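Asks: Questions regarding the structure given below will be posed in turn.
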Amino acid sequence: MPLSEQEQRLLDEMERHLMNKDADVVSAPRDGQTLSYRNIVYGTVLVLVGLGGLIVGVSSGLIVVGVLAFVAMVGGVVLAATPARRSAGATDAAHAGRTPSAGAKKQTGPSSSFMDRMNDRWDKRQGER
């Protein structure tokens, strides 16, 4: 079902507002947050090996094998979800072109948590109104 003219205008206005106000969020790459293809493959293989070990452990009655296989499965999921590491030179080059926004309350560095940065942004937006 197509959007009405009013809904389409509202959607376009929201997109423009997002691009104007939050361009850093929309266009900025997630620093160090890209998943590694290699980690995903190794993690998947580890999960499958763990699943096989879990089946063997349960069918043979060896609880220790089942527990170790389960731990291997959890490790595989963690490995697959781990972001790729960047070298120090690549990280410095990525940050060289960026400057903090002029309206920022405080300098948010890698030591501040995600929720702290989101709360700071929320407070800043509420102060603009």
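The values are calculated or read from the model by the stated rules, or taken from the named source; none is laboratory data. Owing to the predicted nature of the structure, the values given are computational and were not obtained by experimental measurement. Glycine gets a Cβ as well: all are built from the backbone with ideal geometry, and neighbour counts include every protein chain shown.
Asks: Going by what's in this entry, would G89 be described as surrounded by fewer than 10 Cβ atoms within 10 Å (Cβ to Cβ), outside any helix (DSSP H, G or I) and modelled with pLDDT under 55?
Replies: The answer is no for G89.
Asks: Same structure, new question: Within segment 92-112, identify whether any single residue is at pLDDT 80 or above, surrounded by 12 or more Cβ atoms within 10 Å (Cβ to Cβ) and part of a loop (DSSP other than H, G, I, E, B), and answer yes or no.
Replies: Taking every residue of segment 92-112 in turn, none turns out to be at pLDDT 80 or above, surrounded by 12 or more Cβ atoms within 10 Å (Cβ to Cβ) and part of a loop (DSSP other than H, G, I, E, B).
Asks: Scan segment 117-128 and report the pairs whose first residue is closer than 14 Å to K21 by Cβ and whose second residue is modelled with pLDDT under 80 and of a type outside the set (A, V, I, L, M), with Cβ atoms within less than 7 Å and a gap of 6+ or a chain change.
Replies: Short answer, once both residue conditions are applied: K124/G103; K124/K105.
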